[in-house]
Every structure is written in C-alpha cells, then in structure tokens.
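Down below is the structure, laid out as structure tokens.
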Amino acid sequence: MKILVTGTLGQLGNEISVLSNEYPDFEFIFTDIDELDISDPIMVETFCTSYQPQVIINCAAYTAVDKAEEDESLAYLINTTAVENLSKSATAIGALLVHISTDYVFDGKNCIPYIETDPTNPQSVYGKSKLAGEEAVSKFASKGIILRTSWLYSAFGNNFVKTMIKYGTERDELNVVCDQIGTPTYARDLAKAILDIIPTAILQSGTSLFHYSNEGVASWFDFAHTIINLAEIECTVNPIQTKDYPVKAIRPNFSVLNKSKFKETYKINIPYWSDSVKHCILRLKK
Ligand SMILES: NC(=O)c1ccc[n+]([C@@H]2O[C@H](COP(=O)([O-])OP(=O)(O)OC[C@H]3O[C@@H](n4cnc5c(N)ncnc54)[C@H](OP(=O)(O)O)[C@@H]3O)[C@@H](O)[C@H]2O)c1
C-alpha cells in the first residue's frame with residue numbers, strides 16, 4: 001500500500017517517518033513543503049496523479065497559534081484551502097485522506113470530555129482555520145478520517161516538553177498556567193495509532209471524525225511539573241492563572257477529548273499521558 005505523508009518535517013510527520021520501518025507492508029512517500037506544497041492545487045493534483053497513493057496522511061499545517069491571530073490569510077491557506085486541495089485530489093484517485101485537527105475547535109466551556117458531536121466554537125484564528133479544514137474534508141473527500149488531537153509534543157521540533165527542559169535548566173523557577181485543562185499527546189503514539197488503523201480505515205467510505213489524545217487529564221502546570229521531575233531538573237514550577245500570562249490567541253480552559261469512539265472502532269489501547277512523557281524524555285536524553 002502506498003502512503004503519501006505531507007508535512008514530514010513537523011512533529012507528527014517525523015514520528016511517522018521514524019516508525020515507518022516497522023510497517024513493511026506500507027510504501028511511504030515522505031514530503032514537506034519543498035517536495036509538495038499542499039497550498040498549490042496544481043502541484044497536489046500532479047503529485048497525486050503521478051504517485052497514485054492509496055492513503056494520504058496530512059501532517060502539514062500552520063500551527064503557530066498566537067502568530068495566526070496576525071497571519072490569518074496564511075493560516076487559512078494552509079489549514080483550510082490546502083486541505084480542500086488534498087481532499088479533492090484524494091477523491092480523484094480514490095485515496096483515503098487522514099487529516100489531523102485540534103481540540104482548539106472547542107471553546108472550553110465543557111466540564112466533561114468532549115465527544116465528536118459536541119458543538120464546536122473555536123475562539124482563535126488557528127481553531128477557526130482548522131475547523132474550516134475539517135469541513136473541507138467532509139465536503140470534498142470521498143474517503144476521509146479526521147483525527148482531533150491535543151497538546152502535541154514529540155522528540156522533534158519545538159514543543160512544550162523541550163521548552164520546559166530548556167527553561168528549567170536555565171532558571172530556578174518557572175510559572176505555568178494551572179487553569180487550562182487538557183491532555184498532552186505524544187506524537188509518536190498518535191503516529192502509531194494512525195498507521196495501525198489504516199488497514200481497517202481504508203475499507204470505509206465517507207468521512208469519519210474521531211478524537212485521539214493520550215489518556216488522562218492535566219493542566220499545563222501538571223504537564224510542566226511532570227517534565228521537570230522526569231528530566232531530573234532542579235527547578236521550582238509555580239502554578240499561575242491564565243489571566244497572569246497574556247497571549248494573543250484565546251485557548252479553551254477545558255479541552256479534554258473523549259476517545260471512546262476511536263478505541264471502540266479500532267480496538268486500540270492508548271497510553272497514559274505521563275508514561276508517554278517519560279518515553280519522550282528518555283529519547284531526548286539519549
Ligand atoms: N502542535 C500541537 O500542539 C497540536 C495540537 C493539536 C493538533 N495539532 C495538529 O496536529 C497536526 C500535526 O501538528 P505538528 O505539531 O506535527 O505540526 P508542525 O510540527 O508544525 O509541522 C507541520 C509541518 O507542515 C509543514 N508545512 C507548512 N506549510 C506547508 C505547506 N504549504 N505544504 C507542505 N508542508 C507544509 C511545516 O513546515 P514549516 O515548519 O516550514 O512551516 C511543518 O514541517 C497538525 O494538523 C496540527 O494542527 C497540533
């Protein structure tokens with residue numbers, strides 16, 4: 001089975017690339033913007049027509065949440081228009097499109113984990129552009145899987161784990177918000193879940209929406225505290241409130257995702273979030 005991966009140089013794309021050796025039945029075509037700019041419809045169509053992948057995994061995205069507030073057109077180009085391009089080309093060649101979305105499509109007013117059918121109400125440009133991307137998949141892809149995930153980190157790229165290790169090493173104290181609740185998700189676990197569901201998902205028709213994050217619940221403060229402890233760094237982590245850490249984009253206060261639909265459909269076990277943080281930190285130490 002031929003699988004085209006976009007945005008390979010990002011966190012998720014890199015983790016899929018690392019895991020690819022464990023999937024000998026899959027033939028991977030790894031691309032990032034230089035090989036395949038997904039915002040270019042002609043390039044997407046030409047690439048898909050010549051390589052004829054059975055599956056396209058879209059790991060490409062505009063993920064700079066605060067920058068997106070001032071860079072709306074580029075966020076929409078990559079998170080919405082480009083997803084429309086991929087959806088149309090996937091449909092033209094009969095491929096399954098696996099697309100990744102975000103917990104930031106929700107406003108955070110829930111106090112129990114969000115299910116797929118809960119109403120969306122994104123509060124940021126990033127969240128709005130990603131929701132419009134989901135709508136593009138539903139409208140234009142004949143076979144699509146949309147996976148909403150949250151608080152992604154990995155051994156690659158810039159992310160919260162690496163930032164906490166860097167600042168924790170440089171400073172005696174760190175202040176981290178304790179009133180935004182969600183679930184950290186290890187991109188390696190998500191990458192493995194995506195590759196594991198492909199043989200089943202390829203048989204489906206239409207578009208399905210799923211939630212996938214690691215198991216459990218944490219605040220950013222809990223996440224930071226765990227990272228600092230597991231990395232054995234001498235640094236005090238202080239809980240602070242969101243109002244004391246002003247940023248451009250509004251984040252949901254609560255964005256825990258209910259993963260029952262994914263687990264029941266694909267019979268996949270999901271690791272607990274801090275076990276996965278431990279795995280990532282051990283990799284980083286190596
Ligand atoms: N990061 C999170 O906390 C988080 C949370 C929830 C959901 N998600 C979603 O999870 C998915 C994977 O996120 P990630 O953190 O792995 O993203 P990432 O690290 O930002 O990687 C995205 C990759 O896409 C590339 N890209 C940008 N524009 C492109 C284009 N026009 N054509 C092809 N490639 C392009 C980027 O290149 P440049 O770096 O050069 O721009 C980068 O290599 C995304 O859909 C994201 O929205 C992420």
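The values are calculated or read from the model by the stated rules, or taken from the named source; none is laboratory data. Please read all numbers here as calculations on a predicted model, not as lab measurements. For neighbour counting, all protein chains shown are included, and Cβ atoms are generated from backbone atoms with ideal geometry for every residue, glycine included. Just so you know, the surface numbers come from the protein's heavy atoms only, side chains and all, with ligands and any DNA or RNA stripped out. Shrake-Rupley method; radii C 1.70, N 1.55, O 1.52, S 1.80 Å.
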Residues within region 94-114 that are more than 12 Å from the ligand (Cβ to nearest atom) and either closer than 26 Å to residue 205 by Cα or open to solvent by 60 Å² or more (accessible area, probe 1.4 Å) (or both), tallied: 8
Answer residue from region 64-78, given it is within 12 Å of the ligand (Cβ to nearest atom) and over 21 Å from residue 141 (Cβ atoms) and is least open to solvent (accessible area, probe 1.4 Å) among those: 68
Output for region 13-54, where each listed residue is in contact with a strand residue (DSSP E or B) (Cβ under 7 Å, 6 or more places away or on another chain), of a type in the set (Phe, Trp, Tyr) and away from the ligand (no atom under 14 Å from the Cβ): 26, 28, 51
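Which of the following residues is away from the ligand (no atom under 14 Å from the Cβ), among the β-branched types (Val, Ile, Thr) and not in a loop (DSSP other than H, G, I, E, B): 81, 91, 117? Show your work before the answer.
On the way: 81 fails: away from the ligand (no atom under 14 Å from the Cβ); 117 fails: not in a loop (DSSP other than H, G, I, E, B).
Of 81, 91, 117, the one residue that is away from the ligand (no atom under 14 Å from the Cβ), among the β-branched types (Val, Ile, Thr) and not in a loop (DSSP other than H, G, I, E, B) is 91.
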Residues of region 1-58 that turn out to be loosely packed, with under 14 Cβ neighbours inside 10 Å and of a type in the set (Lys, Arg), as a count: 0
Unmet requirement for residue 283, which otherwise passes all of (1) under 26 Å from residue 17 (Cβ atoms); (2) touching a helix residue (DSSP H, G or I) at 6+ places or on another chain (Cβ under 9 Å); (3) buried (at least 17 other Cβ atoms within 10 Å of the Cβ): (3)
Pair list, Cβ < 7 Å and 6+ apart or interchain, from region 1-12 residues that are within 12 Å of residue 37 (Cα to Cα) and within 6 Å of the ligand (Cβ to nearest atom) to residues that are open to solvent by 10 Å² or more (accessible area, probe 1.4 Å) and of a type in the set (D, E, K, R): 7/32
